[in-house]
Structure formats: structure tokens, C-alpha cells
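Following: one structure in C-alpha cells, then a few remarks.
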Amino acid sequence: MDSELIRVIAFLVGIIAFAALNAAYLVWLERKGAAHIQRRIGPKEVGPFGLLQPMVDGIKLMTKQILIPDGVDPVLFRLAPILAMVPAIMSFVTIPFSETLVARNINVGLLMIFAFASVNVLALLLGGWASNNKYAVISAARAVSQNIAYEIPMLITVITMVMITGTLNLNEIVAQQPNISQWYIFRFSASPLMPVAFLIFFICSLAETNRAPFDLGEAESELVAGFHTEYSSMGFGLFFMGEYANIVIGCSLAVVLFLGGWQDPFGLYPGVWWFLLKLYLLIFTVIWIRWTFPRTQFYGLLNLSWKILIPVSMFNLLLTAGFLKVF
Amino acid sequence: MGAYFKEIFTGFWSLLVGMSITIREMTKPVVTEQYPYEASVMTSRFRGHIELVPNEEGGNKCIVCGMCMRSCPSACITVEGEKREGIKGKALTRYRLDFTRCSLCGMCVESCRPGAIRFSKDYNLAGTKKAAYIFDLLKRLEEQNK
Ligand code: SF4
Ligand code: SF4
């Protein structure tokens, strides 16, 4: 067997395992984080510190029956959960975990990730629409308008980044940030608003993944469970795993673009451990945010995007363009 | 324009304050009680179903006067007794409490002159049949003495 085939298979298995393990154990981390923020213990019965809980939950989900209610669109209803999971896994292909640990170092990696990320909203739309359920349809409509509103400032910020880095290749972007003063979040020579750009990017990736406080799509107090109301068993499981995989993707991108990816802050021991450390710190922040803030109202969500994030990111774009021209 | 930026900054600041509160709460000790492994002590005024008060020998203080039976507004209580040698009055042979109808009003406890009954601290009741809540308090007392 030629080595290229072995490489493809190894990365395929590795990426799927990484995505699935992350989805499982981020649920555990989320429950533990939520519990301790509320001064409870959280899962503790199954295994030490409840560490086997995700396995048991997974088995439970897999052994349940997939119910297909009357009146649903049979094809789209089955397709939607797959569409939620597959793009997330595809996006892992181009994420550079370390200098060499990247499945495919694509020249347009950044573009590819955003192309796949926009499929995610299609999954929510199809899932909601095919369910033949009023809550699911309302939720799908919300998810689409939310994603459109937040895609704009996110992409403007990414354009700013691409103007500075001059490449769409994620590994090259990381290579440009060898130590902490050169991380793009602190690269004030490119634009004095870099930390703001990072914040905008982070807020938008929260909103894109439908995380609290932007989880209007599944606002359980008004919409039961939103677009996955009618899904049971692994149909629901795939939506759920897709959400966590998307969080990992969003945080990985933030790490790559702004926090120096696999680079050491002091330029000493770069490697995959630095990437994972930064990644999980960001993911913890995501969880922390979820359990701190209540869900926003819908117009508050859109106001934040159209009145604050888009003007500020536009301004940052112009400022960066000016800086690049002058210096 | 100034108000616009002020709103952004105060808003953002309040978000940071919120996050600092939750992270501090996270480091504080857990306050929940791990129920089946540890249970809190019931307060002195807690009212479980009634039980017989044991005397020094572990027996009961009931003189089978029937006051509790008559005072109960829901007719939950049935007491039966018999004459025994060497005992003044009657000796209790059966104390039946139908807890399904009890409203925990306390009339029985108040009307008992010898102080033979009191509220228990039992809150772990569960059952699938009505019969599970019809207690023989005399048997219960004997089992407790074992
Ligand atoms: S507490 Fe009230 S209702 Fe219950 S047995 Fe005593 S008198 Fe009857
Ligand atoms: S419990 Fe008290 S009131 Fe009831 S029969 Fe016995 S002595 Fe009388």
C-alpha cells in the first residue's frame, strides 16, 4: 500500500475520533463547568468524576429508536443531521494542529473552512423545515437570519486578517506569529484595533455556532428544542455533536488567526500541545460565557450585529487598509 | 456619537463583571447535598407521619383512651387494646394509621394526654400501592426497638 493512502486513512480516522471524542467530552466539561459555576458537583456517578458519563449517554442515544414523524420530508429530514456533522469534520482537514500535523495543507484553507461553515446553517434550515413542526420552522428562520447577520462582521474581520497576512494558508498564518508580541491579537503595527478584531471574531463564532447567549434557535422556553424538536436518537446526537465540533472549529480558527496556533508564546517549544492548550482555554471561555449570560432577545441579537459589530469591523478594515498603505 | 460608544463600553464592562462573578463562584466550595449518601437533619418542627413515643423500657405510653382516634378530622387512626393483668387501664394491641388521608394537622398529637404520640422525622416514603401508607405504628415501634 502506498504511503499516501495510509496517510489519508490515518488522518480520516484520527479526525473523526478527535471530533467525536471532543463532542463527547466537551459535553462532560460543559456539565462540570456549569455545575461548579452554580456550586454543584455535576456528573459524578458513572466512573471517577463522572468520566464515563459521555460513553453511557452515547450508548443510550445509539440504542434509541429513530422516530420519523408523519408529514415530514423523508429525504431532507434524514439528510439534515448528516449535513450538520459532515462539514464540521471536513473543516478539520485543513486545521494545522502543529507544523506537520495537518491532514491537507490547502492554500485556500481559510476559504474552505468558511465555505463548509456556511453549510451548517443549511443543515439547521433543512432540519427545521423538514420537521413539519411550527417550532422547528420558527427556529430555522431565526437561525438563518442570525447566521446572515453574524457572517458579515466575521467575514469582514477575516478579510482584514487576510489583508495583513497576505495568505489563506493556515499553516503560513501560524508561521508568521513566532512569539507572543507577533501574535496577530497584539500586532498593533498592523492595526491598533487587533484585540477588538479578535473579540468580534470570537463573538461571531459564538453566534455562528448558536451558542448561548445567542442560542435563540433552540430557545427551549419558547421553542421546545428548536430545529431538532422532532429528532430522536442519533439524529439528535448528530446535531449535538455537530454543535460541539463547530465550537472546536471556531475556537481553532481563533487560535490560528489571532493566538499563534501551535507557536510557543516565547518561541521556545512550539508544538501541538500549545495549540491544544490555547484551544481548550478558548473552549472553556465559551462554556464560561454560556453559564454566565442569559439568552438575548432576538432584536438585541440583531442590533448587536448590525449596529455595533458590522460598523466596527468595517472601520477596522478601513483602518488596516490605511495602515498597510502608509507603513 | 458619544452615547453610542459609552453604551458599548458600559455594556462590555458589565459583561466582564458578570464573568468575573461566575469564575469566582466556580472556585468556591460546592453547596449541594449529595442526597442518597448524605441527608440533612430534619428541623424540630418537621412533621412526618405520627409515631409512638417509646418509654424507658422501649414500650409505648399509650393508655388506649381513644382521644386521638376521636379527634382526628380525617378518621385516620384506629386504636385497639385489651385488658392485661398488672396494668392499669388497657394495653395497646394495634395502632393503625391511614397516612393516605392524614393532613398532618396535629390534632391527635395535641389531644393525647400521656404524650404517647409525636411527629416522626420520616420523609423517605415511597410506594406503589395504597397499602404501603397504612402503617401499624405498634409494629413499627417494635421493629425500631430491635
Ligand atoms: S395529624 Fe391530623 S389528620 Fe393526621 S392522624 Fe393526626 S389528627 Fe389525623
Ligand atoms: S395515643 Fe394517646 S390519645 Fe391515642 S389512644 Fe393512646 S393515649 Fe389515647
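The values are calculated or read from the model by the stated rules, or taken from the named source; none is laboratory data. Quick caveat, the model's predicted, so the values are computed rather than measured. We place every Cβ from the backbone using ideal geometry, glycine too, and count neighbours over all the protein chains shown.
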- [ ] May I ask you to verify whether A:LYS60 is closer than 30 Å to B:THR32 by Cβ, charged (D, E, K, R) and in contact with a helix residue (DSSP H, G or I) (Cβ under 7 Å, 6 or more places away or on another chain)?
- [x] no
Task: Search result, residues across the stretch A:287-303 that are of a type in the set (A, V, I, L, M, F, W, C) and either over 19 Å from the mean Cα position of the chain (by Cα) or buried (at least 17 other Cβ atoms within 10 Å of the Cβ) (or both) - done: A:ILE287, A:TRP288, A:ILE289, A:TRP291, A:PHE298, A:LEU301, A:LEU302
Task: Index of the failed condition, B:GLU51 passing every other in (1) of a type in the set (Asp, Glu); (2) in contact (Cβ under 8 Å) with a residue 40 or more places away in the chain; (3) within 14 Å of chain A (Cβ to nearest Cβ) - done: (3)
TODO: Give just the number: which of (1) surrounded by fewer than 17 Cβ atoms within 10 Å (Cβ to Cβ); (2) touching a residue at least 40 places away in the same chain (Cβ under 8 Å); (3) closer than 17 Å to A:LYS60 by Cβ does A:VAL46 not satisfy?
DONE: (2)
Open item on the list: Against the definition (among the small types (Gly, Ala, Ser), over 20 Å from the mean Cα position of the chain (by Cα) and either crowded, with 17+ Cβ neighbours inside 10 Å or at pLDDT 85 or above (or both)), how does A:ALA123 come out, yes or no?
Closed with: no
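Would you be able to say whether some residue in the stretch B:22-38 is within 16 Å of ligand 2 (Cβ to nearest atom) and surrounded by fewer than 16 Cβ atoms within 10 Å (Cβ to Cβ)?
no
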- [ ] Output the number of the condition that A:PHE214 fails; it satisfies all remaining conditions of (1) buried (at least 21 other Cβ atoms within 10 Å of the Cβ); (2) within 26 Å of B:LEU15 (Cα to Cα); (3) away from chain B (no Cβ under 14 Å); (4) out of contact with any His (no Cβ under 9 Å at 6 or more places or on another chain).
- [x] (3)
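Please report, ordered by residue number, the strands (runs of 3 or more DSSP E) entirely within the stretch B:1-112 with at least 1 residues that are of a type in the set (Phe, Trp, Tyr) and in contact with a Cys (Cβ under 8 Å, 6 or more places away or on another chain).
Where strands (runs of 3 or more DSSP E) fall fully within the stretch B:1-112 and carry at least 1 residues being of a type in the set (Phe, Trp, Tyr) and in contact with a Cys (Cβ under 8 Å, 6 or more places away or on another chain), they are B:91-98.
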TODO: Inspect all residues belonging to the stretch B:80-93 and state whether any of them is within 12 Å of ligand 2 (Cβ to nearest atom), modelled with pLDDT of 85 or more and surrounded by fewer than 14 Cβ atoms within 10 Å (Cβ to Cβ).
DONE: yes
Open item on the list: Can you tell me which residue is farthest from ligand 2 (Cβ to nearest atom) among those in the stretch B:42-65 that are under 11 Å from the mean Cα position of the chain (by Cα), surrounded by fewer than 14 Cβ atoms within 10 Å (Cβ to Cβ) and not hydrophobic (A, V, I, L, M, F, W, C)?
Closed with: B:THR43
Task: Close pairs from the stretch B:19-35: first facing chain A (nearest Cβ under 8 Å), partner assigned to a loop (DSSP other than H, G, I, E, B) and hydroxyl-bearing (Ser, Thr, Tyr), Cβ under 8 Å, at least 6 apart - done: B:MET19/A:THR292; B:ILE21/A:THR292; B:THR22/A:THR292
- [ ] Pairs only if they're at least six apart or on different chains, beta carbon under 7 angstrom, first in the stretch A:299-327 and without any contact (Cβ under 8 Å) to a residue 60 or more places away in the chain, second aliphatic (A, V, I, L, M) and in a helix (DSSP H, G or I); list them, first residue then second.
- [x] A:ILE308/B:ILE8
Open item on the list: Every residue in the stretch B:99-120 that is away from ligand 1 (no atom under 14 Å from the Cβ) and surrounded by 14 or more Cβ atoms within 10 Å (Cβ to Cβ), please.
Closed with: B:PRO114
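Would it be correct to say that B:GLU80 is of a type outside the set (A, V, I, L, M, F, W, C), without any contact (Cβ under 8 Å) to a residue 40 or more places away in the chain and within 14 Å of another protein chain (Cβ to nearest Cβ)?
The answer is no for B:GLU80.
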Task: Matching entry among B:LYS130, B:LYS121, B:LYS139 (being at negative phi and either in contact with a Lys or Arg (Cβ under 6 Å, 6 or more places away or on another chain) or free of Cβ contacts under 8 Å to residues at least 24 places away in the same chain (or both)) - done: B:LYS139
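Considering each residue of the stretch B:1-18, count those that are more than 30 Å from A:PHE284 (Cα to Cα) and more than 10 Å from chain A (Cβ to nearest Cβ), and give that number.
So the first thing to find is which residues in the stretch B:1-18 are more than 30 Å from A:PHE284 (Cα to Cα), and the list is B:1-4.
Add one more test, that the residue is more than 10 Å from chain A (Cβ to nearest Cβ), and what stays is B:1-3.
Count: 3.
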Task: Residues (within 16 Å of ligand 1 (Cβ to nearest atom) and touching a residue at least 12 places away in the same chain (Cβ under 8 Å)) located in the stretch B:36-47 - done: B:PHE46, B:ARG47
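Taking A:PHE284 as the residue in question, decide whether it is surrounded by 14 or more Cβ atoms within 10 Å (Cβ to Cβ), within 14 Å of chain B (Cβ to nearest Cβ) and modelled with pLDDT of 90 or more.
Values: surrounded by 14 or more Cβ atoms within 10 Å (Cβ to Cβ): yes; within 14 Å of chain B (Cβ to nearest Cβ): yes; modelled with pLDDT of 90 or more: yes.
Spelling it out, A:PHE284 is indeed surrounded by 14 or more Cβ atoms within 10 Å (Cβ to Cβ), within 14 Å of chain B (Cβ to nearest Cβ) and modelled with pLDDT of 90 or more.
When the residues of the stretch A:105-120 are filtered to those that are free of Cβ contacts under 8 Å to residues at least 40 places away in the same chain and not small (Gly, Ala, Ser), which remaining residue is nearest to A:VAL256 (Cα to Cα)?
Filtering the stretch A:105-120 for residues free of Cβ contacts under 8 Å to residues at least 40 places away in the same chain gives A:112, A:115-116, A:118-119.
Restricting the remaining residues to those that are not small (Gly, Ala, Ser) gives A:112, A:116, A:119.
On the way: A:MET112: 15, A:PHE116: 17, A:VAL119: 21 Å.
Top of the filtered list is A:MET112.
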